[in-house]
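Enquirer: Okay, here's the structure, questions in a sec.
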Amino acid sequence: MTLFEPEGARAGTMPADASVPLDASVPLDASAPLDASAPLAARMRPRTLDEVVGQEHLLGPGSPLRRLVEGDAPMSLILFGPPGTGKTTLALIVSSATNRRFEQLSALNAGVKDVREVIARAKAELTHAGRQTVLFIDEIHRFSKTQQDSLLAAVEARHVTLVAATTENPFFSLVSPLLSRSLLLTLQPLDDSAIATLIDRALTSERGLGGAVTLDDDARTHLLQLASGDARRALTALEAAAGTTLADGRASIDLATLEQAIDTAALRYDRDGDQHYDVVSAFIKSIRGSDADAALHYLARMIEAGEDPRFIARRLVVHASEDIGLADPTALLAATAAAQAVQLIGMPEARINLAQATIHLALAPKSNAVVAAIDAAQADVRGGLAGAVPPALRDGHYKGAAKLGHAAGYRYPHDDPDGVVGQQYPPDELMGRDYYTPAGRGAEKAVSERLARLRAIVRRRTR
């Protein structure tokens with residue numbers, strides 16, 4: 001089998017913050033018989049590591065997880081991965097494979113008092129019966145810093161073996177002391193081969209559908225695509241389609257039945273977690289890489305997930321100068337116009353403006369010369385290369401400025417037919433220092449030629 005998560009967290013069945021039992025349909029003892037009416041995903045949950053398909057990087061001989069299960073070592077775990085990859089399953093296997101008690105809390109509705117009560121029971125069990133307690137906490141990223149801190153002493157003293165699950169990057173969402181006291185295991189989305197194995201076993205297993213239905217090839221292909229690495233999603237969709245097929249008196253699930261029986265897969269995107277940063281990073285890198293189609297895909301993901309369009313617009317404005325700059329001077333105008341459109345029009349219509357700006361920026365010639373120039377200039381200033389403003393450039397408008405020599409000898413460029421004169425502009429310490437180096441692409445090719453001529457004129461009398 002493969003790895004699953006609690007049925008109560010099934011994508012699309014309830015709000016993400018719904019307060020429900022973690023896995024009410026599944027006994028805490030993974031070896032206990034399951035109710036035949038339990039959801040298919042719960043009935044097919046692996047009961048031992050040997051039943052697991054997927055996550056091979058965590059399950060090899062001698063791996064920390066296998067040593068924990070087979071050697072009864074009291075090691076605390078942080079299980080980090082997207083939904084449907086097996087965080088709850090691993091917690092159940094850890095508890096049932098050894099002589100441990102199993103307690104679970106949901107960070108959705110548990111407080112510090114609940115944590116302390118569990119720890120007190122665990123201490124009593126360890127003292128009187130010598131039996132270790134596994135404490136499983138689902139969505140631990142929802143615990144406050146105070147709640148997480150309340151676990152530290154018990155984890156440090158090994159009064160409990162903590163197994164905590166999170167879909168958010170633990171380096172963003174968990175306190176450092178808790179991370180340092182636990183083994184971090186990262187679970188990956190299941191590949192199509194693992195999902196296909198799961199589907200086949202669910203179709204034939206007595207714990208599953210027991211051969212009551214088959215699955216057409218095109219329906220299988222669609223189901224694999226729908227699953228998107230989420231085992232529970234695949235089984236939930238399969239169960240719904242099987243129910244419709246049997247109700248119609250048929251024995252084969254076809255594509256039309258599958259499409260009719262399921263809703264669109266929930267988009268995996270967390271506006272407050274690392275998915276937020278991963279998707280916007282991919283968005284910007286796709287624009288930088290001149291892949292307009294990929295950039296539009298990530299833009300669509302953010303829009304469909306309800307990302308703040310002002311955030312998207314701000315990233316486009318920054319990107320227009322950071323990665324395009326003067327290679328296409330209109331890029332900043334397009335990005336700024338899109339940002340203004342978001343403010344004036346709002347969604348959903350402003351999605352078109354955002355898409356136009358995204359395509360414009362993706363297709364524009366690229367140059368990072370602007371950001372490189374300001375970075376280099378700031379680096380010199382931070383390094384102490386400031387120097388005095390040349391006397392000719394100092395303010396000469398106030399009374400007494402002339403006595404100080406301020407503005408003396410200043411040459412007014414507009415008095416020259418070409419509008420450019422030779423004159424010292426930087427401090428003495430920075431004479432002849434070049435910050436801006438055009439990329440030579442797009443409009444910057446002409447800018448490069450003009451810059452060379454301007455530098456030659458301006459510095460003619462000042463080198």
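The values are calculated or read from the model by the stated rules, or taken from the named source; none is laboratory data. Treat the numbers as computed from the prediction; the structure is a model and nothing was measured. All Cβ positions, glycine included, derive from the backbone under ideal geometry; neighbour counts span all protein chains shown.
Enquirer: Among (1) of a type in the set (Asp, Glu); (2) farther than 19 Å from Met44 by Cβ; (3) outside any helix (DSSP H, G or I), there is one condition Glu125 misses while meeting the rest; what is its number?
Expert: Of (1) of a type in the set (Asp, Glu); (2) farther than 19 Å from Met44 by Cβ; (3) outside any helix (DSSP H, G or I), only one is false for Glu125: (3).
Enquirer: Take Leu126 and decide whether it is in contact with a helix residue (DSSP H, G or I) (Cβ under 9 Å, 6 or more places away or on another chain) and either surrounded by 17 or more Cβ atoms within 10 Å (Cβ to Cβ) or outside the structural domain of Ser176 (by TED's automatic domain parsing) (or both).
Expert: Details: in contact with a helix residue (DSSP H, G or I) (Cβ under 9 Å, 6 or more places away or on another chain): no; either surrounded by 17 or more Cβ atoms within 10 Å (Cβ to Cβ) or outside the structural domain of Ser176 (by TED's automatic domain parsing) (or both): yes.
Spelling it out, it is not the case that Leu126 is in contact with a helix residue (DSSP H, G or I) (Cβ under 9 Å, 6 or more places away or on another chain) and either surrounded by 17 or more Cβ atoms within 10 Å (Cβ to Cβ) or outside the structural domain of Ser176 (by TED's automatic domain parsing) (or both).
Enquirer: Specify which of the listed residues (Ala300, Ala282) is modelled with pLDDT of 90 or more and more than 22 Å from Leu224 (Cα to Cα). Let's see the steps before the verdict.
Expert: Details: Ala300 fails: more than 22 Å from Leu224 (Cα to Cα).
One residue alone meets the criteria, Ala282.
Enquirer: Which one of these does Asp293 not meet: (1) of a type in the set (Asp, Glu); (2) at pLDDT below 90; (3) not in a loop (DSSP other than H, G, I, E, B)?
Expert: Checking Asp293 against (1) of a type in the set (Asp, Glu); (2) at pLDDT below 90; (3) not in a loop (DSSP other than H, G, I, E, B), the one that fails is (2).
Enquirer: Which strands (runs of 3 or more DSSP E) sit wholly inside region 131-231 and have at least 2 residues that are surrounded by fewer than 22 Cβ atoms within 10 Å (Cβ to Cβ) and touching a residue at least 40 places away in the same chain (Cβ under 8 Å)?
Expert: 183-186
Enquirer: Now for a separate question. In the list Asp50, Asp114, which residue meets the criterion of being under 23 Å from Arg201 (Cα atoms), in a helix (DSSP H, G or I) and of a type in the set (Asp, Glu)?
Expert: Details: Asp114 fails: under 23 Å from Arg201 (Cα atoms).
Just a single option satisfies the conditions, and that option is Asp50.
Enquirer: Then there's this: Tally up the residues in region 338-355 that are of a type in the set (A, V, I, L, M), more than 16 Å from Leu296 (Cα to Cα) and either surrounded by fewer than 17 Cβ atoms within 10 Å (Cβ to Cβ) or assigned by TED's automatic domain parsing to the domain that holds Val447 (or both), please.
Expert: Within region 338-355, residues that are of a type in the set (A, V, I, L, M), more than 16 Å from Leu296 (Cα to Cα) and either surrounded by fewer than 17 Cβ atoms within 10 Å (Cβ to Cβ) or assigned by TED's automatic domain parsing to the domain that holds Val447 (or both) number 3.
Enquirer: Which condition number in (1) surrounded by 15 or more Cβ atoms within 10 Å (Cβ to Cβ); (2) under 22 Å from Arg433 (Cα atoms) is the one that Ile359 fails?
Expert: Just one mismatch for Ile359, condition (2).
Enquirer: Please find, among Asp323, Asp418, Asp380, the residue that is among the acidic types (Asp, Glu) and within 25 Å of the chain's Cα centre (by Cα). First the steps, then the outcome.
Expert: Working: Asp418 fails: within 25 Å of the chain's Cα centre (by Cα); Asp380 fails: within 25 Å of the chain's Cα centre (by Cα).
Just one listed residue meets the conditions, Asp323.
Enquirer: Considering only residues that are of a type outside the set (Ser, Thr, Tyr) and surrounded by fewer than 16 Cβ atoms within 10 Å (Cβ to Cβ), look in region 268-279 and name the one that is modelled with the highest pLDDT. Walk me through it before giving the result.
Expert: Residues of region 268-279 that are of a type outside the set (Ser, Thr, Tyr), as a first pass: 268, 270-276, 278-279.
Adding the requirement that they be surrounded by fewer than 16 Cβ atoms within 10 Å (Cβ to Cβ) leaves 271-272, 278.
Values: Arg271: 53, Asp272: 53, Asp278: 83.
Looking at residues that are of a type outside the set (Ser, Thr, Tyr) and surrounded by fewer than 16 Cβ atoms within 10 Å (Cβ to Cβ), I get Asp278.
Enquirer: Within region 387-403, identify whether any single residue is touching a Leu at 6+ places or on another chain (Cβ under 9 Å) and under 29 Å from Glu322 (Cβ atoms), and answer yes or no.
Expert: Yes; the residues of region 387-403 include at least one that is touching a Leu at 6+ places or on another chain (Cβ under 9 Å) and under 29 Å from Glu322 (Cβ atoms).
Enquirer: Would you confirm whether or not region 190-210 contains a residue that is touching a Ser or Thr at 6+ places or on another chain (Cβ under 6 Å) and closer than 26 Å to Arg100 by Cβ?
Expert: Within region 190-210 (the criterion being touching a Ser or Thr at 6+ places or on another chain (Cβ under 6 Å) and closer than 26 Å to Arg100 by Cβ), the answer is no, since none of the residues qualifies.
Enquirer: Right, something else. Say we look at region 421-444 and pick out the residues that are free of Cβ contacts under 8 Å to residues at least 40 places away in the same chain and exposed (fewer than 14 other Cβ atoms within 10 Å of the Cβ); which of these is nearest to Ser367 (Cα to Cα)? Don't jump to the end; show me each part of the working.
Expert: Residues of region 421-444 free of Cβ contacts under 8 Å to residues at least 40 places away in the same chain: 421, 423-426, 431-432, 434, 440.
Adding the requirement that they be exposed (fewer than 14 other Cβ atoms within 10 Å of the Cβ) leaves 425, 432, 434.
Values: Tyr425: 26, Gly432: 23, Asp434: 17 Å.
The residue in question is Asp434.
Enquirer: Sticking with this structure for a sec: How do the pairs read when you match residues in region 376-390 that are under 12 Å from Arg433 (Cβ atoms) with residues anywhere that are of a type in the set (Gly, Ala, Ser), using Cβ under 9 Å and keeping only pairs 6 or more apart or on different chains?
Expert: Pairs found: Asp380/Ala386; Leu385/Ala379.
Enquirer: May I pose another question? Could you identify the single residue in Val20, Val69, Val26 that is of a type in the set (Val, Ile, Thr), over 27 Å from the mean Cα position of the chain (by Cα) and modelled with pLDDT under 50?
Expert: Numbers: Val20 fails: over 27 Å from the mean Cα position of the chain (by Cα); Val69 fails: modelled with pLDDT under 50.
Only one candidate passes the filter, namely Val26.
Enquirer: On to the next question. So, in region 322-337, of the ones that are out of contact with any Lys or Arg (no Cβ under 9 Å at 6 or more places or on another chain) and surrounded by fewer than 21 Cβ atoms within 10 Å (Cβ to Cβ), which residue ends up farthest from Thr437 (Cα to Cα)?
Expert: Looking at the filtered set, the residue picked out is Ala337.
Enquirer: In the list Ala379, Ala372, which residue meets the criterion of being small (Gly, Ala, Ser), closer than 24 Å to Glu449 by Cβ and part of a helix (DSSP H, G or I)?
Expert: Just one listed residue meets the conditions, Ala372.
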